Amino acid sequence: MSEPDPTPVLRASDAERERTATLLREHCAAGRLTPEELSQRLDAAFAARTVAELDALAADLPAGAAAPAPPRAASPARQRVLHAVGFAALVNAACVAIWLASDETDGAFWPKWVLLATAIRLAFVAWAELGPGAAHGESRQGRGGARPAERARERADRR
């Protein structure tokens, strides 16, 4: 009689199939698989009945494949500009809504002045935060080009 296999055959779950499919897609995105190979392996992954069959699909791929980099957070300067844009959009939408709700819609479009003022303000904010004179990646400097914290330390050292 033959001896039973010491490692039991484990049935694959849908979650394990999805996990393997995601792993294969990541390897394809990294250039380790061609689209044709990906298609074949995905078909085999969703047809797999055991965990061993799923493991065999990724056996020739590096185990520690780097996950895709998370989306980069916007810089603080860019966030300040985006907040200014959002604020201007809300103010302008409110003014246009008030104009539409009033009975003077056949008269002059007075929200154009608010639109003009907020557009000018946005241009100044964007130029100050993102323009060529902006201190990218640095905190704002105090008078004389020294950062406020450095100036405080210098004063303390002089005493």
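The values are calculated or read from the model by the stated rules, or taken from the named source; none is laboratory data. Given the structure is predicted, the values throughout are model-derived calculations rather than measurements. Quick reminder, even Gly has a Cβ in these numbers, built from the backbone with ideal geometry, and neighbours come from all protein chains shown.
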- Query: Is there a residue being in contact with a Ser or Thr (Cβ under 6 Å, 6 or more places away or on another chain) and not charged (D, E, K, R) anywhere in the stretch 102-111?
  - Reply: no
- Could you tell me whether A88 is surrounded by 12 or more Cβ atoms within 10 Å (Cβ to Cβ) and at pLDDT 90 or above? yes
- From the list A135, A119, pick out the single residue that is in the same structural domain as I98 (by TED's automatic domain parsing), within 30 Å of the chain's Cα centre (by Cα) and at pLDDT below 70. A135
- Note on the structure: Across the stretch 50-64, the tally of residues that are under 13 Å from R32 (Cβ atoms) and touching a residue at least 12 places away in the same chain (Cβ under 8 Å) stands at 4
- When (1) within 30 Å of the chain's Cα centre (by Cα); (2) assigned to a helix (DSSP H, G or I); (3) loosely packed, with under 14 Cβ neighbours inside 10 Å are applied to A63, the one that fails is (2)
- Note on the structure: Checking P68, P148 in turn, the sole residue that is closer than 30 Å to R25 by Cβ, of a type outside the set (V, I, T), modelled with pLDDT under 75 and not assigned by TED's automatic domain parsing to the domain that holds C28 turns out to be P68
